[in-house]
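The structure appears right after this line, and notes come after that.
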Amino acid sequence: MSQPHDPPAKLFTRDFLLAGLANLFISMVFYLLMTSMALYAVDRFQASDSAAGLAASIFVIGSVTARLFAGKLLQVLGRKRLTVISLCLFVLASVMYLFSGTLWLLLVVRFVHGMAFGAGNTAIATAVQSIIPSARRSEGTGYFGLSTTLSTAVGPFLAVLLAANGNYTSVFVFCSISSAAALLICLLIRMPEPRPTTERHVSHVRRGSFIRSIVSPAALPISLVILVCGVAYSGIISFLAPFLISSSMAEAASWFFVVYAITVLVSRLFAGRIQDRRGDNAIMYPLLVIFALGMAALAFDPSNLSVVSAAALTGLGFGALMPCAQAIAVNAVPPAELGIATSTFFLMLDVGIGFGPVALGLVIPHLGYTGMFGALTVLSVLGIGMYFQVHGRHARGSRGNAV
């Protein structure tokens with residue numbers, strides 16, 4: 001039985017908690033495989049460095065491809081149906097790793113797996129935005145995002161633990177079980193569906209409707225800010241470890257992400273509340289500045305102090321920035337367009353994080369690691385100006401009366 005259009009004021013409902021748990025399992029599979037896939041391709045298929053990198057990154061390419069059409073699919077299939085179909089494919093792809101006997105088959109499985117992730121993640125994230133009370137949207141989005149934050153720490157840890165001595169079979173079995181658990185949990189979630197309206201049907205034949213079914217014009221501006229910040233953050237994901245290793249600080253790379261994860265967990269306990277009560281600018285400007293300072297801390301020869309400072313600042317900045325920006329994106333559209341807005345937001349995030357390292361890899365030989373992080377600091381500062389232009393100068397106060 002469908003739920004009322006306006007959700008109750010209570011945030012921690014049964015469906016909200018189940019959605020967070022499902023997202024934890026899905027995200028854990030993503031980070032576990034992303035951590036271990038390149039090494040697996042080398043050990044199992046003697047892949048070259050470029051092929052091993054492709055084995056890891058083609059998942060993101062699949063995710064981006066799916067997000068291009070996820071908004072349209074949400075309108076055609078509905079949130080619950082798209083979630084179930086995507087997670088069935090997600091489970092199948094997880095199992096197929098066990099039977100991928102060639103590198104080419106592995107690449108195909110990774111691409112399909114990424115598509116299932118992109119579509120399923122978009123569907124769940126959209127449904128959650130309808131479950132969260134509109135007046136507590138930033139707070140609820142932040143809490144929901146904690147499941148992803150937890151997976152960034154647990155996934156890589158399990159990858160190292162399960163793949164010890166080259167035992168990748170246990171990795172794939174665990175991912176298959178986690179994927180099946182996410183599917184079963186999602187079957188129990190009651191996902192509100194938007195009411196079919198005349199406007200919704202007219203939009204299918206409206207001029208330019210194909211582009212609008214892929215990208216939401218209202219959500220795109222703030223999503224472009226996240227794309228810029230995502231490119232900057234991709235420099236940390238891809239090049240922080242080799243940067244610190246080359247500086248004889250290999251151990252610092254491991255506890256950087258521990259400090260980062262702790263800071264993200266803490267920041268999401270209060271950032272959403274501030275945004276809901278004080279307005280977007282009250283939290284977005286400080287977060288963008290803090291993130292830029294975190295990038296700047298890496299633009300010098302590393303020390304224990306600079307690494308810890310960078311971990312804390314980027315965790316507070318980028319970690320809290322994502323749910324706050326997502327709340328802006330979904331609040332910019334009517335309820336029937338939540339799917340397209342969510343898809344647009346994560347599409348830009350995936351493009352920034354997934355393809356940023358390609359461009360940065362071309363910069364490093366010329367600028368070095370510190371020069372690259374210096375350039376990313378400038379990019380982060382430009383993100384502040386971009387936010388002002390696309391949203392900050394128009395932002396209102398609290399959304400206590402938001403629709």
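Report yes if A332 is modelled with pLDDT under 90 and under 19 Å from the mean Cα position of the chain (by Cα), otherwise no.
Answer is no for this residue.
Taking the stretch 335-355, which residues are closer than 17 Å to G118 by Cβ, small (G, A, S) and at pLDDT below 85?
Listed by number, the residues that qualify are G339, S343, G354.
Restricting attention to the stretch 294-311, which residues are in a helix (DSSP H, G or I) and not polar (S, T, N, Q)?
Matches in the stretch 294-311: G294, M295, A296, L305, V307, V308, A310, A311.
Using the structure shown, decide if V91 is at pLDDT 90 or above and of a type in the set (V, I, T).
yes
Please verify whether V64 is over 21 Å from E337 (Cα atoms) and modelled with pLDDT of 85 or more, treating the condition exactly as stated.
no
What are the pairs, 6+ residues apart or on separate chains, where a residue within the stretch 168-187 that is over 18 Å from L89 (Cβ atoms) and in the same structural domain as L98 (by TED's automatic domain parsing) has its Cβ under 8 Å from a residue that is surrounded by fewer than 18 Cβ atoms within 10 Å (Cβ to Cβ) and of a type in the set (A, V, I, L, M, F, W, C)?
These pairs meet every condition: T169/L98; V173/L98.
For A153, which of the numbered conditions (1) at pLDDT below 75; (2) not assigned by TED's automatic domain parsing to the domain that holds M96; (3) not charged (D, E, K, R) fails to hold?
(2)
Between residues in the stretch 72-84 that are under 16 Å from L347 (Cβ atoms) and in contact (Cβ under 8 Å) with a residue 12 or more places away in the chain and residues that are of a type in the set (G, A, S) and assigned to a helix (DSSP H, G or I), which pairs lie under 6 Å by C-beta distance while being six or more apart or on different chains?
Correct list of pairs: K72/S213; L74/G339; L82/A123.
Restricting the stretch 260-293 to residues that are at pLDDT below 95, small (G, A, S) and part of a helix (DSSP H, G or I), which is surrounded by the fewest Cβ atoms within 10 Å (Cβ to Cβ)?
Ranking the qualifying residues of the stretch 260-293, first place goes to A282.
The values are calculated or read from the model by the stated rules, or taken from the named source; none is laboratory data. All of these numbers come straight from a predicted model, not from anything done at the bench. Here the Cβ is made from the backbone with ideal geometry for all residues, glycine too, and neighbour counts use every protein chain on show.
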